[in-house]
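The values are calculated or read from the model by the stated rules, or taken from the named source; none is laboratory data. Here the structure is a predicted model, which is why all the values come from computation and not from measurement. Glycine also receives a Cβ, built like all others from the backbone with ideal geometry; neighbour counts cover every protein chain displayed. Note: areas computed on protein heavy atoms with side chains; ligands, DNA, RNA excluded. Shrake-Rupley method; radii C 1.70, N 1.55, O 1.52, S 1.80 Å.
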Amino acid sequence: MNSYLRPPIVEAVVEFLTNSPISFDDLQAMSNKVAGDYKNQTIEKGIEVRIDTLGGAATIHSDQTPDRFRRTSDDQADIVIFADTSLIVARAAPYPGWDVLSERIRKNWRIWSKGQSGRGVVRLGARFINRIDIPINGEERIELSDYLNLLPQIPNISDKPMSTFLVQASMPTANPHWDCNIMSTIVAPSPLLNHMSILLDIDVFRMRDIPSKSADVLAILEEARPLKNTIFERCITDRARDLFR
Amino acid sequence: MTRTTQTVAAHPRTPTALPPSGAAGAYSTQMNYALSNALTRSFKPLGDSKPRGSDSHLSTLLENAKAIFKVTTNTVAMHLLSSDWRARLFRQVDSLLDAEEWDEDDKPVVSGSSLTFIRMLIFLKARRPGLGATNDGNLVASWTTGSNRLTIVCKPDDSVRWVVSTQTDVGCETAAGQTTILRLPVVLQPYNPQQWFSDEG
C-alpha cells in the first residue's frame, strides 16, 4: 500500500450499527465520558417527514427521531456520534493514518460496546471520502482517465466536455464477508482556486457473520483496511498518485 | 457506436447536487456533513454550546465562527504546509475570537470570509499572516517585513481589499485597491509581494 505525504481523504468514517436501541440517558453518559477528547457537544434533533400522495391530496406526517450526541474535537477534525442505534467515529482532513484512527475507534468502542457481551452489531462500515484536486494550467478540459479508473461511459453527444458526472457501483469485495459502494463525481466549485476536484467515495461494509463478542468485532474491522486501500489504488492512476506525494 | 474521450470541463459551472444514495445512506447525517463540506461548503454551526463571558449569545456565535473557520480549513488541510502550521493558525483564531476580548458591537467573522482567507493563503502559498477582523465580520490578514506592510481584508466570494505601505527612496508610499484573489499576484507585483509571502514554514 502506498503511503502518501498528502492523503486526499476529506473524511474517514467508521460506523457500527446495532438493532438494540440505546436510551437517551445512556447516550448522554457515553457522550460525557469522551468530553476530554471531544470538547464540543451538539445534541442533534431529528425529524422524519413523510409526504403521502396516494389517494389525491398530499398528506404530511412527521415524527421526531431520537436525539444524537455529536461531539467534535477542538480542531473540528475528530468527530464521534452516539446515536440510538449507531456509533460513528470520523476524522476529517488532515488524515493522520489508520493506526491513529483505529486507536480513536477503539477508545470510543470501549465506551459504546457495553462490555464483552457487545451490542449486537448488525452492520460495520468504513467509508473513506477522497477529493482529488487537479491543478488547472490553462486547460479547458480535463481527461478523466488520466486520474481515475472509475469512469462514466458516454456516447458521442457533443464535442464539448461534460459539465459534471456521477458514477456509483455496489458490489462484493474480494473478502466474501464484505461488500462495497464506490462513487465518483465532480466537486463544483473546487475548494481550491485554479483546480478542479473529483470526489472518490469508497464505502466498505459488512453485514454478514459479524461476531457477537465485543473484542472480535474490532478485530474484523481490521479487514476493512486492506479492502478500502486496494479499491482506492485500483480507482486511481499514477498521475493522481503524483498529486498526493 | 463511437465514444468520446471522457473529458470534463476544467471549470464546471453547474454546482454539484449529489443525489442521496440509498446504498450509501447508512451514515445519514454524518454523511450530509461530509458532503456539505466536500461539495457545497455550506457549513452549519458546530460549536460549543457552553456559554462563556458575559453574553452567552455572543459567546455561542463566536464559538460557531471558530468552528466554521476550522472546518473550512480542514477541508483543504492536505494542502497546508504542515500540521504545526495549522495548529498555530487555529490558536490565532481562538485568540482572535475569544469572547472575553471581543467587542460585543462587532459582528463575528462570517463563513464566507473564512473561506476566502483559506483559499487565498493556499493560492498565494503565503506564510502564516497576522490575523485580525473588521467590525463587519471579515478576517484581516497582515504581513510585515521591516517597515513594509501588506494588509488584506478577506470578504466573501474571493473578494479582497488590500493595502500596501512600503518604504521607498523618497519616503513612505501607500497604495490600496479591491480585487479578487486570482488577481492579487498581478496587482501586488510592483511591491515585490514575495517579501511578505516567502520564508517561514
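The conditions of being over 23 Å from A:Thr230 (Cα atoms), touching a strand residue (DSSP E or B) at 6+ places or on another chain (Cβ under 9 Å) and at the interface with chain B (Cβ under 7 Å from one of its Cβ atoms) are met by A:Ser163. Taken together, the residues in segment A:169-189 that are part of a loop (DSSP other than H, G, I, E, B) and open to solvent by 10 Å² or more (accessible area, probe 1.4 Å) amount to 6. Residues of segment B:168-185 that are open to solvent by 30 Å² or more (accessible area, probe 1.4 Å) and within 14 Å of chain A (Cβ to nearest Cβ): B:Thr180, B:Leu182, B:Arg183, B:Pro185.
With the requirement that a residue be exposed (fewer than 14 other Cβ atoms within 10 Å of the Cβ) and either touching a residue at least 40 places away in the same chain (Cβ under 8 Å) or of a type in the set (S, T, N, Q) (or both), what does segment A:150-162 give you? Listed by number, the residues that qualify are A:Gln153, A:Asn156, A:Ser158. For segment B:55-98, a tally of residues being outside any helix (DSSP H, G or I) and more than 8 Å from chain A (Cβ to nearest Cβ) returns 5. Checking each residue in segment B:146-167 for being open to solvent by 50 Å² or more (accessible area, probe 1.4 Å) and part of a strand (DSSP E or B) picks out B:Arg149, B:Arg161, B:Val163, B:Gln167. Looking only at residues in segment A:190-219 that are part of a loop (DSSP other than H, G, I, E, B) and more than 12 Å from every other protein chain (Cβ to nearest Cβ), which one is surrounded by the most Cβ atoms within 10 Å (Cβ to Cβ)? Once the filter is applied, the top-ranked residue is A:Ile210. The single condition among (1) within 14 Å of B:Cys154 (Cα to Cα); (2) small (Gly, Ala, Ser); (3) touching a strand residue (DSSP E or B) at 6+ places or on another chain (Cβ under 8 Å); (4) open to solvent by less than 30 Å² (accessible area, probe 1.4 Å) that B:Gly137 does not satisfy is (3). Of all residues in segment A:68-115, those being small (Gly, Ala, Ser), more than 10 Å from chain B (Cβ to nearest Cβ) and touching a Ser or Thr at 6+ places or on another chain (Cβ under 7 Å) number 2. Screening A:Leu87 against (1) under 22 Å from A:Ile182 (Cβ atoms); (2) assigned to a strand (DSSP E or B) leaves a single unmet condition, (1).
Filtering A:Asn149, A:Asn175, A:Asn156 for residues that are at the interface with chain B (Cβ under 7 Å from one of its Cβ atoms) and among the polar types (S, T, N, Q) leaves a single hit, A:Asn156.
The requirement of being under 30 Å from B:Gln6 (Cα atoms), aliphatic (A, V, I, L, M) and either more than 12 Å from every other protein chain (Cβ to nearest Cβ) or open to solvent by 10 Å² or more (accessible area, probe 1.4 Å) (or both) is not satisfied by A:Ile129.
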